[in-house]
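To keep things clear, I will list the structure first and then write my remarks on it.
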Amino acid sequence: MKIIVLAGGLSTERDVSLSSSAGICKTLLEKGHDAFLLDVFLGLTYDPNRLEEVFTLPGHGLEIAKNISTAEPDIKAVKASRPDQSNCFLGPNVIELCRMADITFLGLHGGEGENGKLQATFDLLGIKYTGPDSLGCAVAMDKGFTKHIFMQAGVDTPPGMSLHKSAPDKSPEALGLSLPVVVKPCSGGSSIGVYIVHTEDEYTDALSKSFRYEDEVVVESYIKGREFACGIIDGEALPPIEIIPKTGFFDYTNKYQDGATDEVCPADISEEISDKMKELTVRAYHALKLNVYSRADFLLDDKGNLYCLELNTLPGMTSASLLPKEAQAVGIEYGDLCELIIQKSLEARY
């Protein structure tokens, strides 16, 4: 197959996306596909009459994923590096190459790549793509809205609500909460802008920092417990994986710095808790109108209570990411997983 692996973009998870997508592109090449790694924002300057050549170029676009940093990306610098200086999210030749491909593998994380806008655009243009549909992506991206849906669907989640920057009273008490709480951007990812706060001063500082990312944040009760993830493919949950940061919680640095976190799959939990986590994953997946694949994040407190935090509609997909490790636990190797996602995506909507 001719496959464009779409990466990068302008979200705070840009560099994570490049790492994921490079892994996807490499394994698809090993599987015999004509794959090319393409930055959705920077695009590719190339002769419009010779775009078919792109799928067999020697480097396969992988040079854009070199020297990935573990720090948050400088989005202003990325915008400044675009040759045509356009503010269009879709870079030169992106639409043309995606239409030429048999399918576009979405390796994007956060922002316009994961909030349903790109999926809706591709639907209108007749471009085939991997992952959930636009509606599910839009719903799952809003953590405040997701929390309301979880409550209605019987999916236990930490008490909390969304808070707009313009709200006159931003105190935890006004939200019906008490310290400690967690403050996080409503639509962010990779734990960027997430703060666990125990004092009023920490709370005020956390709001100020989180509001730099967007105008709406989620404030929720802090649940002290073990961290887990549970992937789901085509409505079937995978074995849960436990995430054990060596310091702090599973933040941006611990997610992407080698050796910062231990990950155990299958998780060392009772069969009862494992089954409950998988059941809640499936329930949350359907409640958010998702399809193809996703990954749910959980906390387990010391009393055995499970709390679902969110579902990631385009979870990390390097060979060392959580979802591929869960798939491997049931005998699905990385390359086969990428092909399975393609297969299920085509079955779901084409």
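Observations, loosely collected:
- For the chain, with +1 on Lys and Arg beta carbons and -1 on Asp and Glu, the positive-most of 136, 178, 312 along the dipole: 136
- Proximal lysines relative to residue 147, as straight alpha-carbon distance under 24 Å, when same-chain residues fewer than 8 apart are discounted: 117, 165, 170, 184, 209, 224, 255, 276, 278, 289, 303
- Per residue accessible area in Å² of region 211-350, where ligands, DNA and RNA are left out and the probe is 1.4 Å: 44
- Taking every alpha-carbon pair under 8 Å whose residues sit at least 6 apart, region 114-167 reaches a relative contact order of 30 percent.
- For region 91-238, the share of accessible area belonging to carbon and sulfur comes to 50 percent (1.4 Å probe, ligands and nucleic acids excluded).
- Prolate/oblate/rounded call for region 78-199, Cα gyration tensor, a/c under 1.5 rounded: prolate
- For the chain, the Cβ-based charge dipole about the Cα centre amounts to some 600 debye (Lys, Arg positive; Asp, Glu negative; other atoms uncharged).
- Magnitude of the charge dipole, region 1-91, Cβ model with Lys/Arg +1 and Asp/Glu -1, debye to 20: 60
- Estimated dipole of region 1-42 in Debye, rounded to 20 [Cβ of Lys and Arg +1, of Asp and Glu -1, Cα centre]: 120
- Pairwise centroid distance, computed over Cα atoms, of region 313-350 with region 155-190, Å: 33
- Global form of the chain, assessed from the alpha-carbon gyration tensor, a/c cut-off 1.5: prolate
- Listed by number, the DSSP H helices of the chain that run 20 Å or longer by alpha-carbon position along their axis and have mean Kyte hydropathy of at least -0.5 are 14-30, 334-349.
- Between 60, 73, 41, the Cα set farthest toward the positive side of the dipole of region 29-97 (charges on each charged residue's Cβ, about the Cα centre) is that of 73.
- Straight-line cross-link reach from residue 31 at under 14 Å between alpha-carbon atoms covers these aspartates and glutamates, not counting any fewer than eight positions away in the same chain: 333, 336, 339.
The values are calculated or read from the model by the stated rules, or taken from the named source; none is laboratory data. As the structure is a prediction and not an experimental result, all values here were calculated from the model. Cβ: placed from backbone, ideal geometry, glycine included. Neighbour counts: every protein chain shown. Heads up: the accessible areas ignore ligands, DNA and RNA and are worked out on the full protein's heavy atoms, side chains in. Shrake-Rupley method; radii C 1.70, N 1.55, O 1.52, S 1.80 Å.
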